[in-house]
Amino acid sequence: MQADLTWLDDPQTFRINQLPAHSDHRGYATVAEAQAGQSSLVQSLDGNWDFQFAADPQHRPAGFYQPDYDRSDFDQLTVPGHIELAGYGQIQYINTAYPWEGKHYRRPAYSMGADQPAHGMFSEDPENTVGAYVKRFTLQPALQNQRVSIEFDGVEQAMYLWLNGHFVGYAEDSFSRSEFDLTRYLQPGENLLAVEVFKHSTAAFLEDQDMFRFSGIFRSVRLAAKPALHLEDLTIRPTVDAGLTTGTLNLQLQLSAAQQLAGTAVITLQDATGQPLWTTEQAVVDTLTATTTIAHVHLWQHHDPYLYHLRICLHNAAGDLVEVIPYPVGFRRLEIKDKVIMLNGQRLILNGVNRHEWDAHRGRAVTTADMHHDLEVFADNHINAVRTCHYPDQPVWYDLCDQHGVYMMAENNLETHGTWQKMGAVEPSYNVPGDLPQWQLAVLDRAKSNYEMFKNHPAILFWSLGNESYAGEDLVAMDAYYHHVDPTRLTHYEGVFQNRAYADRISDVESRMYNPPREIEKYLQESPTKPFLDCEYMHDMGNSLGGMASYTALIDRYPMYQGGFIWDFIDQALWVKDEVTGQPVLRYGGDFDDRHSDYEFSGDGLLFADRTPKPALQEVRYEYGQHD
Amino acid sequence: MANTTKLNVTYGDVTLGVSGDHFRYIFAYDRGGLESLVRYGKEWLYRTPMPAFWRATTDNDRGNGFSQQSAMWLGADAFTHCTQVAVAVDGQSIPLPIAPENNRYSDHETATTVAVTFTYTTPTVPATTVTVSYLMDATGKLSVAVHYRGAAGLPELPALGLRFVLPTAASGFDYQGLSGETYPDRMAGGQPGTYHVTGLPVTPYLVPQECGMHMANDWVTVTRDHTLNNADPDHQPFGITLQKHDAPFAFSCLPYTPLELENATHQEELPAPRRTVLTVYGAVRGVGGIDSWGADVEPQYHIAGDQDHDFQFEIAGLA
């Protein structure tokens, strides 16, 4: 197969040759590696890559992926990072309207009729910037003579991949991991990896988040070897009985072999102190299941995020250990009882924040140091929940939320408000995904990527279909997907409020944004069917966050009111050198000559963009402290 | 030798001078206000204190149109002027003591108390008045009373206070009140206590805006370490204390006026800090927070334009 530029224009083409999404477990060669969290089966490709920027597809270095292509004029670019923050391509911040507002008239493919496919919209777009990335690598010893895949944790917004001149695959969905099997094209010695990144594709219509608009390989890239026996996917299903005493652990393992599926899987469960509780040894098969119960299970929750330790050891037919997979397990019981969300038998109260991934130097390429800082702020201010607005975050964030007992609303990478919300009015005369069959597979794929990757994290209480994407049959299909694959969590979607015809088929909770307390009270007094939460409230733009006490008061008066997520955690602004004084200053939309822009509207955080707290944070600490 | 139980009063031709041990105040009829407040030889005023009506637009104010609705108060903040001055000595009103009325006085006049009241008339439609009364005793204590006269048809006020612009930037201030930056609808998290603030920090909101409010204070002491007086090379810290009269007061202490903040789109556009803008507030509007594109501040945190407002505080004496 050859790469085809017109995939950029087609909403039905969003993944070519990608491996199926699976759980985010990591394989290690030895138990010691697993304990240290350092896998010799993994080879990072982060760092300097060769790079060339093109202003549009027509001027891109076509064929740059060929081994004999003359790349002597390529620059260097650091991965992970945004192309724009390296000085290529204009920085732009815009909220609702699409980034081409005022420059291109566009209607999403098929949105004006099944006979209107929008040929050339992005493949011939004179402003669709292109990044040509090249990385040379030689496999480290542990990866040699193994099956090897490559993992891209985040590439915005459409990418084509080649290895040693061979086309490997294509991916969209900027915020989900894209994984490709490289085995057949690997060669001894040096390999030549090439990635062509396009700023826009049909994915742009699905990724209209209120944020700076970037492109590039902005999260880590790595090679991962699959030993002779490999755990492809792991489903951990811990449940707790109604009496909150007995835990049941159901496991499903999907295994693959380089040659022949033979050997054993040794599965052990330890408590948090390392005491073994259960072990089982089974012959490997394609799909292996195992079950155990724990008589007096220690529950996982915000103030006591107790994690058991699961370890899976795969041994080949000769008995040699070839792969070790550790994974933490948290038991908790989530249910809706008498129309109230209960966690471990207690009414759930969300002291939440929406958190964009943001670093004023690095944009969305945040560091683990940023994450640890954010978790300290959570702990200091009684913040117990986070909504990953409006896309899946870096995988390590989910691990940290498990460890720190932070309840997660895990949101899909979906926001289409520019197609139905214009000048603040609901105007869905054209809308994606809506009911369009041509867009349904793309959004379902996003739901699947989110579920499969993160399904084993106890921190996740809600699967969120996306943000501000109106409502229609495609959202219904996403909701049905989550209910089908996961009976242990709740679905969340606010947009059904805008289209009540779907109220019975989308979202387990009534979710609103920026609803005044008196309107929430009205809803709660009218015998509603679903518990209520604010997916966004207390818009902390500039000097704000007045009147929060009125929301806190609802918690005491209405059991079905379950709190919410403040908008939002950190200002989105960028450090730049002041053109007059040379001093570092924080800049926002419109400061890069970017038009159309929404200017300072990205400055809504409890923290300033440099992660120092805004004065309002002490109020959050007080109000959230009332129900912590 | 200064009289320690009585005020010395100087019935000048354009000003009223009042002095005592280590202090001298000058009320200027022509400038329409308290022109000079000298204590221990240090001048505390750059220009006469004036009623404050405006706050630099917050993002929420912009979003819900409050600044448009109340824009008259921006003009009032800049262009209110003094229309009347009244003087009372030892509790008795006297005719304004300018020539020839003051020809009957000497250079050795004294009094137990002196009160000077300035009436300011706003350029709003309709116009209204604010009176600011300064009552002095022999310790140099100034009891300040501010009365806003409500008038039907006037929009809600962004703020109501009395603004002092001090000649140089303060090195810091101490206060007894609540921690952090607080507003009427965002003060539950403020911890009561005594706090020191170094310098004159401006809360670095992306777009400069109203900031730095401190609610419910018993007192604030502003400390400076230099003056504009060419004959005063001293850099030892010196302070002035404002204290509550009968109820706690709100204040902000910033290097900028609301207009300076209003004019900047980024922090780096603010001018170099030169002065101290100390504003005592009798009424503070809430900041709101439901959203930033229309939601109003909760009603109980508005400041009505058609109702009277009164507040008092004291500038501590030297005894």
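For the stretch A:229-329, the relative contact order comes to 30 percent (Cα pairs under 8 Å, sequence separation of at least 6). In the stretch A:498-526, comparing the full protein assembly with the chain on its own, the residues that lose 10 Å² or more of accessible surface at a 1.4 Å probe are A:514, A:516, A:517. Within chain A, the selection of entire DSSP H helices by a Cα span of 24 Å or greater along the long axis and an average Kyte-Doolittle value of at least -1.0 returns A:437-454.
In the stretch B:272-319, the residues whose accessible area drops by at least 30 square angstrom when the other protein chains are added to the isolated chain are B:289, B:290, B:292, B:293, B:298; the probe is 1.4 Å and only protein heavy atoms count. Ordered from highest to lowest accessible area with the whole protein assembly present and a 1.4 Å probe, A:510, B:156, A:335, A:376 read as A:376, B:156, A:335, A:510.
Taking 7 Å steps out from each Cα toward its Cβ at residue A:86 and residue A:593 produces label points 2.2 nm apart. Shown for chain B: the carbon plus sulfur share of the solvent-accessible area, taken with all protein chains present and a 1.4 angstrom probe, equals 52%. Each Lys and Arg Cβ is given +1 and each Asp and Glu Cβ -1; about its Cα centre, the stretch B:69-195 then shows a dipole of about 180 debye.
Put simply, the C-alpha atoms of chain B give a gyration tensor, and the ellipsoid matching it has half-axes of 34, 23, 17 Å, longest first. The tail of the calculated P(r) for the stretch A:229-329, taken as Cα-Cα distances beyond 18 Å, holds 47 percent of the pairs. With a 1.4 angstrom probe, the accessible area lost at the A-B interface totals about 2600 Å². On the principal axes of its alpha carbon atoms, the protein assembly as shown extends 118, 66, 55 Å, with the longest extent given first.
Just from its helices, what would the mean residue ellipticity at 222 nm be for chain A, if runs of 4 or more DSSP H residues each count -39500 (n - 2.57) and the sum is divided by every residue, rounded to the nearest 500 deg cm²/dmol? For chain A, the value works out to -4500 deg cm²/dmol.
Listed by chain and number, the lysines whose alpha-carbon sits under 23 Å from that of residue B:141, ignoring those within fewer than 8 places in the same chain, are B:6, B:42, B:244.
Using a cutoff of 8 angstrom between alpha carbon atoms and counting only pairs six or more residues apart, the relative contact order for the stretch A:283-361 works out to 20 percent. Taking all protein chains into account, the per residue accessible area for the stretch B:2-142 stands at 42 Å² (1.4 Å probe). Take every DSSP beta bridge whose two residues both sit in chain A; close to 80 percent of them are antiparallel. Couplings 3J(HN,Hα) of the stretch A:560-572, computed from phi: 6, 8, 10, x, x, 10, 5, 9, 9, 8, 9, 4, 9 Hz, in residue order, whole Hz [Karplus 6.51 cos²θ - 1.76 cosθ + 1.60, θ = phi - 60°; x for Gly and Pro]. Note on residue A:271 and residue A:486: with the Förster distance fixed at 35 Å, the Cβ-Cβ geometry gives a FRET efficiency of about 0.85.
Taking all protein chains together and a 1.4 Å probe, the residues A:423, A:560 rank A:423, A:560 from largest to smallest accessible area. What does the structure give for B:183-193 when I average, per residue, the other chain Cβ atoms found within 10 Å of the residue Cβ? For this peptide, the per-residue mean of nearby foreign Cβ atoms is 6. On the stretch A:229-329, 49 percent of the accessible area sits on carbon and sulfur atoms, based on a 1.4 Å probe. Once the partner protein chains are put back, the stretch A:578-623 shows a loss of at least 50 square angstrom of accessible area, versus the chain by itself, at A:588, A:600, A:608, A:615, A:618, A:619 (probe 1.4 Å, ligands and nucleic acids excluded).
Rolling a 1.4 Å probe across all protein chains gives residue B:219 an accessible area of roughly 70 Å². Taking the stretch B:104-148 as the region of interest, what is the percent of Cα-Cα pairs per 10 angstrom bin, listed from the shortest bin to the one with the maximum distance? All Cα pairs, binned at 10 Å, distribute as 24, 36, 25, 13, 3 percent.
Projecting each Cα onto the charge dipole of the protein assembly as shown (Lys/Arg +1, Asp/Glu -1 at the beta carbon, about the Cα centre), which of A:343, B:319, A:547 comes out farthest on the positive side? With unit charges placed on the Cβ atoms, the residue in question is B:319.
Applied to the stretch B:133-143, the Karplus parametrisation 6.51 cos²θ - 1.76 cosθ + 1.60 on θ = phi - 60° returns per-residue 3J(HN,Hα) values of 10, 10, 10, 10, 10, 5, 7, x, 5, 10, 8 Hz, with x for Gly and Pro. At full extension, residue B:191 and residue B:47 could sit 48.4 nm farther apart than now, given 0.36 nm per residue minus the alpha carbon distance.
Rounded to the nearest 500, the 222 nm mean residue ellipticity of chain B from helices alone is -1500 deg cm²/dmol, with -39,500 (n - 2.57) taken per DSSP H run of at least 4 residues. Per-peptide packing, taken as the mean over residues of other Cβ atoms within 10 Å, places A:56-69, A:593-606 in the sequence A:593-606, A:56-69 from highest down.
Shown is the FRET efficiency for residue A:529 and residue A:626, computed with R0 = 35 Å from the Cβ-Cβ distance and rounded to the nearest 0.05: 0.80.
Fully extending the segment from residue A:342 to residue A:291, taken as 0.36 nm per residue of separation minus the present Cα-Cα distance, adds 15.8 nm. Dipole orientation for the stretch A:229-329: of the candidates A:258, A:310, A:277, A:277 has the Cα lying most toward the positive pole (charges on Cβ; Lys, Arg +1; Asp, Glu -1). Below 10 angstrom from the Cβ of residue A:463, what's the summed charge of the other residues (Lys, Arg +1; Asp, Glu -1)? Local net charge: -2. Distance between the C-alpha centres of the stretch A:401-426 and the stretch B:163-204: 37 Å, rounded to the whole angstrom. Ordered from highest to lowest accessible area with the whole protein assembly present and a 1.4 Å probe, B:214, B:22, A:483 read as B:22, A:483, B:214.
Rolling a 1.4 Å probe over the protein heavy atoms leaves residue B:301 with an accessible area of roughly 60 Å².
Expressed as a whole percent, how much of the Cα-Cα distance distribution for the stretch B:1-140 exceeds 25 Å?
In whole percent, the share of Cα-Cα pairs in the stretch B:1-140 beyond 25 Å is 38.
Taken about its Cα centre, the protein assembly as shown carries a charge dipole of roughly 1120 debye when the Cβ of each Lys and Arg holds +1 and the Cβ of each Asp and Glu holds -1. Rounded to the nearest Hz, the phi-derived 3J(HN,Hα) couplings of the stretch A:573-584 under the Karplus curve 6.51 cos²θ - 1.76 cosθ + 1.60 (θ = phi - 60°) are 8, 10, 6, 9, 8, 4, 5, 9, 9, x, 7, x, where x marks glycine and proline. Residue A:49 contributes an accessible area of around 0 Å² to the protein surface, as traced by a 1.4 Å probe with all chains present. Given a Förster radius of 45 Å and the C-beta distance between residue A:422 and residue B:78 as r, what FRET efficiency does 1/(1 + (r/R0)^6) yield to the nearest 0.05? Once the sixth-power term is evaluated, E becomes 0.75.
So, for the stretch B:264-319, what is the accessible surface per residue at a probe of 1.4 Å, expressed in square angstrom?
41
The residues of chain A have, on average, 35 Å² of accessible surface per residue, using a 1.4 Å probe with all protein chains present.
The values are calculated or read from the model by the stated rules, or taken from the named source; none is laboratory data. Owing to the predicted nature of the structure, the values given are computational and were not obtained by experimental measurement. In this analysis, Cβ positions are derived from the backbone assuming ideal geometry, glycine residues included, and neighbour counts consider all displayed protein chains. Side chains included, ligands, DNA and RNA excluded: accessible areas come from the protein's heavy atoms. Shrake-Rupley method; radii C 1.70, N 1.55, O 1.52, S 1.80 Å.
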